[in-house]
Amino acid sequence: SAPDDTSSSIEGRLNKDIALPKCWGEERLVKVNHNVLLNLILAVMYGISGSLWNGTAYVAYLKHLGHDRNGPLGDIEAVSGLATLVTALPVGYLADRLGRSK
């Protein structure tokens, strides 16, 4: 039977490097792996959407729930910070204590 060329062509397309313009140094282009670039784009888009949601829509919704008063909004933000602190400390301790599983 004939060799299967589809797997090699798919690998070739997934492992391509993309040349991006460089803003520093003497070289004009920098090569970035396709998957790294997609991951970077995803992280940027996730950060922007999270910032927009937490900075505008979420705060406006909470203010609406509090009948246009800022007191309940401050309470919710304070409880959110405390919940992060209370959960981060034990999880960090467990991560240090147990280490990476092998």
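Scan region 67-102 residue by residue and report those that are among the small types (G, A, S) and modelled with pLDDT under 80. Steps first, please.
Filtering region 67-102 for residues among the small types (G, A, S) gives 71, 74, 78, 80-81, 83, 88, 92, 95, 99, 101.
Scanning region 67-102 gives a single hit, S101.
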Expected single match for of a type outside the set (K, R) and touching a strand residue (DSSP E or B) at 6+ places or on another chain (Cβ under 6 Å) among V44, V30, V36 is V30
Test: V32 is surrounded by 11 or more Cβ atoms within 10 Å (Cβ to Cβ), out of contact with any Asp or Glu (no Cβ under 6 Å at 6 or more places or on another chain), of a type in the set (A, V, I, L, M) and at pLDDT 80 or above
yes
Quick one: is D75 over 29 Å from K16 (Cβ atoms), charged (D, E, K, R) and surrounded by 11 or more Cβ atoms within 10 Å (Cβ to Cβ)?
yes
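The values are calculated or read from the model by the stated rules, or taken from the named source; none is laboratory data. Treat the numbers as computed from the prediction; the structure is a model and nothing was measured. So basically every Cβ, Gly included, is an ideal-geometry build from the backbone, and we count neighbours across all protein chains shown.
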